[in-house]
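For reference, the structure discussed in these notes is given below.
Bear in mind these aren't lab numbers, they're just calculated from the coordinates by the rules spelled out. A quick note: this is a predicted structure, and the numbers were derived from the prediction, not measured. Cβ placement follows ideal geometry from the backbone for every residue including glycine, while neighbour counts extend to all protein chains displayed.
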Amino acid sequence: MNHAMARWLPILCLAASLLFVTISSAESDSLKGLSGPPFSDPSQIQNMPEDWIKQPVKYEKSAGDADLVLSLDQHLYDALLPVIQEYAKKHRLKIAVNEGTCGITFGALVNKTADIGGFCCPPDKTDRLPGLKFHTLGIDAKALLVHPDNPIDNVSIEQARQIFMGEIHRWSELSSSDGKKGTSLLIQPVTRLHCKLRPGHWRLLLDSEDLFAPGIQDVGAIPDMISQVASNPGAIGYEVLWNTIRYKDKGKVKALRINGYSPYEAEHLISLKYPLYRVYNLTTWEGKGLEKNHARQLATHLLQHAEKLGKEHNIIPASRLRKAGWKFRGNELIGEPDVR
C-alpha cells in the first residue's frame, strides 16, 4: 500500500461507516409508523340507544338457573376455569362459563347475556359499552414462531416487519446470533388476523391487514397456527407461549428473540425491550339492573389470582406493570411506560 492510500484509508473507512449508518437509519425510518396503537382512548364510549342502556342483564335459556354467567376467551377460560369452579363451590353459586373468543364475548356483552367478559385484546371504542368496566389481569408476550430446525434464533423488529410485508423472501437473507446463515428456503409467513378493530396484539407488528404480503397464509384458529409452523421448515407465525404448550400435540415450534430479547423473560417484556404482547382483560357492569355483588367480588378474586397464575401461562400481572410505570385508569391498563 502506498503512502497516499494509507493516508486516505481512515477517511474512506469513516465515510463507509457513515454511509452504512445513514442507510440503516433510512431503512429504520421507512418502517416507522407501521405499528398500530397499543390501546384505545378509555374516554371514548360507544353510543347506544336509551332502551339498550335501560335493558338489564338477562341470561339465555342455555344458562338455566345460573347465578352468574361468564364468557371468556380461550386463554382465560383455560387459566381461570379451575379458580371459578372453586369459587362457585365455596360460595354455593351456580356459575356458567362459556369458552369463546373476543368476538363471542363482545356478543354476549352487547346482548347483555353475561355478567363478566374476558378478552385477550385491549378494547376498541366499540367494546366500550355504557356501564361496562375493564379490568386488566396482565400481559403476555406474543412470540414469533418458526420450525424447530430453523437455524435463525433472532430477528430485529424491523426484519420481522419486512418478513411479514414480503420484503425479505428467504431465510438466507438473515443470520443467527452466532453468525450462521439461514437456509435457502422461501419464508412462508403464517398469520391469524383476528380482532382487526381492536388495538394491540398482532397490530403491534403491522397495523393493518393491508400491510401484510399477498402470499401470507392466514389461519382461523390457534391450533392451525401451531400445526402450520411446526410442519413447514420455511414458516414463521406468532402466538403466545402458553398456546405452544397447550397445543403441543400439533407439533414443535421455536420462539425467536426480537432485537436479542427473549419472549420468555418477563423483564424483557415489562421494559418493552421485547415489543410484542397481548393484554388480558375482564369486564364487569356498573349501574341499575346490571351490577351484581357476586360478579364484582368474583372479578376481584380473579384479578388477585392473576398474581399467582402458573408460570406456564406466562402472564405478567397488573401489579408488576404498575410498578414499572405502565399506565392505568382504575383497574384498566391504558398505556405503555415511557421507556422508548
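Comparing GLU99, GLU267, GLU312 in a Gaussian network model of the chain, where Cα atoms under 10 Å apart are tied by springs, the biggest mean-square fluctuation is seen for GLU312.
For the chain, modelled as a GNM whose springs connect Cα atoms under 10 angstrom apart, the maximal fluctuation among GLU158, GLU286, GLU173 occurs at GLU173. Computed over the alpha carbons of the stretch 204-340, Rg followed by Dmax gives 17.9, 56 Å.
Assigning unit charges at the beta carbon (Lys, Arg +1; Asp, Glu -1) and nothing else, what dipole magnitude in debye, to the nearest 20, does the chain show about its Cα centre?
Details: 41 positive and 38 negative charges, 143 e Å.
Using only the charged Cβ atoms, the result is roughly 680 debye.
Suppose we keep just the DSSP beta bridges with both residues in the stretch 141-270; what percent of those would be antiparallel, to 5? Each step should come with its number before you reach the end.
On the way: 10 of 16 bridges.
About 60 percent, rounded to the nearest 5.
In the stretch 99-208, taking the dipole from charged Cβ atoms about the Cα centre, the farthest positive-side position among PHE119, GLY107, THR183 is held by GLY107. Here's the list of aspartates and glutamates a cross-link from LYS196 could span, going by alpha-carbon distance under 17 Å and ignoring same-chain residues fewer than 8 apart: ASP41, ASP73, ASP124, ASP127, ASP207, GLU209, ASP210, ASP218, GLU239.
Between the stretch 75-141 and the stretch 196-235, the alpha-carbon centres lie 24 Å apart. Here is how the number arises for the chain: DSSP H runs of 4 or more residues each give -39500 (n - 2.57), the sum is divided by the residue count, and the result at 222 nm is -9500 deg cm²/dmol. For the cross-link pairs LYS89/LYS142; LYS250/LYS311; LYS112/LYS142; LYS94/LYS308; LYS180/LYS252, the ones whose C-alpha atoms lie over 27 Å apart are LYS89/LYS142; LYS112/LYS142.
Roughly how large, in nm² to one decimal, is the mean projection of the convex hull of the alpha-carbon atoms in the chain?
Taking the Cα atoms of the chain, their convex hull projects to 20.9 nm² on average.
Projecting the Cα positions of LEU282, ILE245, LEU204 onto the charge dipole of the chain (unit charges on Cβ atoms of Lys, Arg, Asp and Glu, taken about the Cα centre) puts LEU282 furthest along the positive direction.
Taking LEU272, LEU72, LEU256 as the candidate residues, the one with maximal mean-square fluctuation in a Gaussian network model of the chain, Cα springs under 10 Å, is LEU272. In units of the rule-of-thumb radius 2.2 N^0.38 Å, the stretch 141-270 shows an alpha carbon radius of gyration of 0.97.
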